[in-house]
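Colleague: The structure follows.
The values are calculated or read from the model by the stated rules, or taken from the named source; none is laboratory data. Predicted model, so just to flag it, every value in this text is computed and none were measured. Every residue, glycine as well, gets a Cβ built from its backbone with ideal geometry; the counts of neighbours run over all protein chains shown. The area values use the complete protein model at the heavy-atom level, side chains included, leaving out ligands, DNA and RNA. Shrake-Rupley method; radii C 1.70, N 1.55, O 1.52, S 1.80 Å.
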Amino acid sequence: MTEIARSLNPADSLDPLKDYYHDIVDDKTEERIEHLQHHEVALLVIDIQYLDAARGYGVFKDVTTSGIPKAQQDYYFDTLQRNVLPNVQKLLNTFRDKNMEIIHTRIQSLTQDGRDRGNGHKRLNLLAAPGSKEAEFIPEVAPLNDEIIINKTASGVFSSTNLNYVLQNLKINELIVAGVYTNECVETTIRDACDLGYLVTLVEDACTTVTPELHQGSINSLKDRYASVLTTNEIEKRFKPLEECEIDPDEVSLVRRIN
């Protein structure tokens, strides 16, 4: 039996093209700094709602019939509570403090019976009707004030909504992505965003799924190919004044204090 609690690292998966892709995908320091300076970066928080992120609701309404073994449910909720929710809160506070765009996605149908859902969600019996508890965001990371909410009925938010149109109107060129599940909605969204031309960063300790193998597998396949992969603390360093940041001396001329 697989030990789901064991830790994994990027060395568990070898990518022979890693260095090649790093040079053309992740080596974008100057461009990322300019995006921050001009508020062209948005935080995208994916599907942290009662449907798929709360015991006793939606996917996890009945432990015995959810299709996910209890041990893996325990792993998921442990990492959600211990890592994801606190780190997403930190990211939200940082973006709110800097008055930068935050976009929340959630699974929610247009109709009460969900007849408008994508076929994938119909097959999985995923339904969060308007006004239902399953469609509500987890309170700790719920939208505030005028933050944008995008409702979707498929794993990929770009394929099932007008998010790309909204981001273009907002002049957003880069996305910082957090949420659940790493290997499903998060990974699909990141791949689509990269294909559409956005610079993307996956916040690895602000995402989770039901096993560490699936989480790390997504990181291994996305890193330096479709997205940069950073921790919450590394993301927050980008927003700190220059004298507090660990920046290569050759890049200092490119950085201004972000207020």
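Colleague: From the list R115, R106, R123, which one is within 28 Å of D146 (Cα to Cα) and without any contact (Cβ under 8 Å) to a residue 60 or more places away in the chain? It would help to see each step written out before you state the result.
Modeller: On the way: R115 fails: within 28 Å of D146 (Cα to Cα); R123 fails: within 28 Å of D146 (Cα to Cα).
Exactly one residue qualifies, and that residue is R106.
Colleague: Additional query: Just give me the residues in the stretch 88-116 being open to solvent by less than 50 Å² (accessible area, probe 1.4 Å), part of a loop (DSSP other than H, G, I, E, B) and among the aliphatic types (A, V, I, L, M), in sequence order.
Modeller: Residue satisfying the conditions is M100 alone.
Colleague: On to the next question. Taking the stated definitions as given, is V166 of a type in the set (V, I, T) and farther than 30 Å from R82 by Cβ? Full working, then the answer.
Modeller: Numbers: of a type in the set (V, I, T): yes; farther than 30 Å from R82 by Cβ: yes.
The answer is yes for V166.
Colleague: Pick out the one residue from T189, T153 that is farther than 29 Å from N93 by Cβ, touching a Gly at 6+ places or on another chain (Cβ under 8 Å) and surrounded by 13 or more Cβ atoms within 10 Å (Cβ to Cβ).
Modeller: Result: T153 is the single residue among T189, T153 that is farther than 29 Å from N93 by Cβ, touching a Gly at 6+ places or on another chain (Cβ under 8 Å) and surrounded by 13 or more Cβ atoms within 10 Å (Cβ to Cβ).
Colleague: Scan the stretch 158-176 for residues that are closer than 23 Å to L110 by Cβ, of a type in the set (A, V, I, L, M, F, W, C) and surrounded by fewer than 18 Cβ atoms within 10 Å (Cβ to Cβ) and report the count.
Modeller: Number satisfying all stated conditions: 1.
Colleague: Within the stretch 196-203, does at least one residue satisfy the condition of being open to solvent by 10 Å² or more (accessible area, probe 1.4 Å), modelled with pLDDT of 95 or more and either of a type in the set (D, E) or in contact with a Ser or Thr (Cβ under 7 Å, 6 or more places away or on another chain) (or both)?
Modeller: No: zero hits.
Colleague: OK, next. Going through L214, L222 one at a time, which residue ends up being under 21 Å from Y76 (Cβ atoms), within 16 Å of the chain's Cα centre (by Cα), of a type in the set (A, V, I, L, M, F, W, C) and open to solvent by 30 Å² or more (accessible area, probe 1.4 Å)? Walk me through it before giving the result.
Modeller: Numbers: L222 fails: open to solvent by 30 Å² or more (accessible area, probe 1.4 Å).
From the options L214, L222, the qualifying one is L214.
Colleague: Here's a check for you: in the stretch 117-148, which residue that is acidic (D, E) and open to solvent by less than 50 Å² (accessible area, probe 1.4 Å) is nearest to V45 (Cα to Cα)?
Modeller: Going through the stretch 117-148, the residues acidic (D, E) turn out to be 134, 136, 140, 146-147.
Still in the running and open to solvent by less than 50 Å² (accessible area, probe 1.4 Å): 134, 147.
Numbers: E134: 16, E147: 11 Å.
The extreme case among them is E147.
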